[in-house]
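Colleague: The structure that follows is given in the form of structure tokens.
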Amino acid sequence: MGLHPVGRLDYDTSGLILFSSSGDLTQRLLHPRHEVEKEYVASVENTMNIDGELLLKKQLEIDGVTTTEGIHNAELVSISNGCDVRLTVKEGKHRMVRRMLANCGHPVIKLQRLRHGLCVIDGLDVGKFRVANMSETKWAENLVVSVKER
């Protein structure tokens, strides 16, 4: 049962990384056309007040952020302490979250992936792993089946 990583994390990013033995599932989880959300929390430079938070929301969700890879959007989930930005993306190009936030004037100090689709890191210690639970497994199976039926 050969496991392979579903995507990767940059050297200076921590958090959830999935492993799969199914090439079909890996393709569904990674290809942007399937719009599987990945959620991150980023500690950023340049603390924001409410106006800064509204501007960042507009840049990420409405205008999009220009990077060398093109224009990308993200959903701003929340901002806490004026500098901890929680957001979701549906595409995971190289260092995209870091580049998007930097291009909005908020370079990333620390970045962690919290969620990939329905799979969440909740309380898992660094370097540890767990087997997918029943709801995560069912979601993954449905993702593969629903795409094959199209």
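Colleague: Name the single residue that is modelled with the highest pLDDT among those in the stretch 37-55 being of a type in the set (Asp, Glu) and under 25 Å from LEU9 (Cα atoms).
Modeller: GLU39
Colleague: What tally of residues in the stretch 119-150 results from selecting those that are under 22 Å from ASP84 (Cα atoms) and open to solvent by 50 Å² or more (accessible area, probe 1.4 Å)?
Modeller: So the count comes out to 5.
Colleague: Do the conditions hold for LEU124, that is, is it in a loop (DSSP other than H, G, I, E, B) and at negative phi?
Modeller: yes
Colleague: Same structure again: Looking at the stretch 38-52 only, could you name the residues that are among the hydrophobic types (A, V, I, L, M, F, W, C) and assigned to a strand (DSSP E or B)?
Modeller: Step one: filter the stretch 38-52 for residues among the hydrophobic types (A, V, I, L, M, F, W, C), giving 41-42, 44, 48, 50.
Passing the criteria: VAL41, ALA42, VAL44.
Colleague: For LEU55, indicate whether it is assigned to a helix (DSSP H, G or I) and closer than 15 Å to CYS104 by Cβ.
Modeller: It is true that LEU55 is assigned to a helix (DSSP H, G or I) and closer than 15 Å to CYS104 by Cβ.
Colleague: Another question, then. Can you tell me which of (1) outside any helix (DSSP H, G or I); (2) farther than 14 Å from VAL41 by Cα; (3) not hydroxyl-bearing (Ser, Thr, Tyr) is the one ILE79 doesn't meet?
Modeller: With (1) outside any helix (DSSP H, G or I); (2) farther than 14 Å from VAL41 by Cα; (3) not hydroxyl-bearing (Ser, Thr, Tyr) applied to ILE79, the lone miss is (2).
Colleague: Inside the stretch 30-72, can you point out the residues that are surrounded by 12 or more Cβ atoms within 10 Å (Cβ to Cβ) and of a type in the set (Gly, Ala, Ser)?
Modeller: ALA42, SER43, GLY52, GLY64
Colleague: Considering only the stretch 69-91, I want to know if a residue exists there that is aliphatic (A, V, I, L, M) and touching a His at 6+ places or on another chain (Cβ under 6 Å). Talk me through it step by step, then tell me what you get.
Modeller: Going through the stretch 69-91, the residues aliphatic (A, V, I, L, M) turn out to be 71, 74, 76-77, 79, 85, 87, 89.
Next cut, touching a His at 6+ places or on another chain (Cβ under 6 Å) only: none.
No - not one qualifying residue is present in the stretch 69-91.
Colleague: For the stretch 77-118, enumerate the residues that are open to solvent by 40 Å² or more (accessible area, probe 1.4 Å), more than 16 Å from GLY15 (Cβ to Cβ), of a type outside the set (Gly, Ala, Ser) and over 16 Å from the mean Cα position of the chain (by Cα).
Modeller: Across the stretch 77-118, the qualifying residues are ASN81, ASN103, PRO107.
The values are calculated or read from the model by the stated rules, or taken from the named source; none is laboratory data. No experiment lies behind these values; they were computed from the predicted model shown. We place every Cβ from the backbone using ideal geometry, glycine too, and count neighbours over all the protein chains shown. Note: accessible area is taken over every heavy atom of the protein model, side chains too, but ligands, DNA and RNA are not part of it. Shrake-Rupley method; radii C 1.70, N 1.55, O 1.52, S 1.80 Å.
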